[in-house]
Amino acid sequence: DSGVTQTPKHLITATGQRVTLRCSPRSGDLSVYWYQQSLDQGLQFLIQYYNGEERAKGNILERFSAQQFPDLHSELNLSSLELGDSALYFCASSPSGAIKNIQYFGAGTRLSVL
Amino acid sequence: SQQGEEDPQALSIQEGENATMNCSYKTSINNLQWYRQNSGRGLVHLILIRSNEREKHSGRLRVTLDTSKKSSSLLITASRAADTASYFCATNQGGKLIFGQGTELSVKP
């Protein structure tokens with residue numbers, strides 16, 4: 001158990017809908033990262049938050065947004081969903097955003113857009 | 001886009017044999033990490049090697065790093081059926097991990 005909790009485990013929804021994925025980082029970790037894993041794109045970095053502030057952005061679509069709350073949990077919001085958004089979404093956390101840090105991954109949320 | 005490539009894409013071996021996976025990357029690095037992913041589950045960190053290290057061991061794992069060739073290899077010795085998983089190398093760029101495409105390892109009992 002990595003100590004990172006993601007909910008829900010599975011999500012099935014329709015095109016055009018909006019969903020929210022939730023992540024609770026390991027106790028004490030200030031940095032949260034979101035990744036998307038799909039068959040065609042592999043594992044891709046989406047966005048990073050550190051202590052409530054956005055720290056880095058990857059190839060995150062404008063339809064996607066995220067935030068980190070004062071209690072350090074994070075949410076990833078996906079809107080106007082398309083079939084191609086079907087993927088595994090992982091959250092990871094680390095003590096800080098330092099390059100030397102190992103990232104601890106949650107079990108992921110599997111999103112199916114029908 | 002992904003940082004680099006992993007080779008082979010898939011590897012099937014018998015229990016007890018050694019498995020070697022290779023990873024190439026494109027930019028300069030501070031460190032390189034290897035992660036394991038069991039089918040459809042979260043990634044588990046295996047080992048981190050710094051750019052000033054050439055080799056590192058952890059249990060049955062041996063990682064090498066050649067910064068001049070921008071490549072790394074992961075060796076799993078005396079493999080077990082429980083080692084069946086996908087293995088990814090990742091470089092850390094400004095805190096975010098950039099992953100390779102992964103090697104799918106199958107260890108047959």
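Computed from the coordinates by the stated procedures, all read-outs in this text should not be read as laboratory data. Not measured: the values here are computed from a predicted model. So basically every Cβ, Gly included, is an ideal-geometry build from the backbone, and we count neighbours across all protein chains shown.
Yes or no, residue by residue, for (1) away from every other protein chain (no Cβ under 14 Å); (2) out of contact with any strand residue (DSSP E or B) (no Cβ under 8 Å at 6 or more places or on another chain); (3) within 23 Å of residue A:42 (Cα to Cα):
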site	(1), (2), (3)
B:8	yes, no, yes
B:18	yes, no, no
B:32	no, no, yes
B:78	yes, yes, no
Quiz prompt | Check on residue B:43, within 22 Å of residue A:87 (Cβ to Cβ) and not charged (D, E, K, R) | solution = yes
Quiz item: For residue A:74, are the conditions met, namely being touching a residue at least 24 places away in the same chain (Cβ under 8 Å) and in contact with a Cys (Cβ under 6 Å, 6 or more places away or on another chain)?
Solution: yes
Quiz item: Which pairs do you get when a residue that is touching a residue at least 40 places away in the same chain (Cβ under 8 Å) and crowded, with 18+ Cβ neighbours inside 10 Å, found in the stretch B:80-109, comes within reach of a residue that is hydrophobic (A, V, I, L, M, F, W, C) and assigned to a loop (DSSP other than H, G, I, E, B), reach meaning Cβ atoms under 6 angstrom, with the pair 6+ apart or on two chains?
Solution: B:91/B:29; B:92/A:99
Exercise. Just name the residue that is farthest from the chain's Cα centre (by Cα) out of those in the stretch B:6-54 that are of a type in the set (Val, Ile, Thr) and part of a loop (DSSP other than H, G, I, E, B).
Key: B:27
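Out of everything in the stretch A:71-103 that is in a strand (DSSP E or B) and within 14 Å of another protein chain (Cβ to nearest Cβ), what residue ends up being surrounded by the most Cβ atoms within 10 Å (Cβ to Cβ)? Please lay out each step first, then the result.
The initial filter retains those residues of the stretch A:71-103 that are in a strand (DSSP E or B), namely A:74-78, A:87-94.
Filter once more, so that each one left must be within 14 Å of another protein chain (Cβ to nearest Cβ): A:87-94.
Working: A:87: 22, A:88: 19, A:89: 24, A:90: 26, A:91: 30, A:92: 28, A:93: 26, A:94: 23.
Taking the candidates together, the pick is A:91.
Could you check the stretch B:29-63 and list, in sequence order, the residues that are free of Cβ contacts under 8 Å to residues at least 12 places away in the same chain and either within 27 Å of residue A:106 (Cβ to Cβ) or of a type in the set (S, T, N, Q) (or both)?
B:40, B:41, B:42, B:44, B:52, B:56, B:59, listed by residue number.
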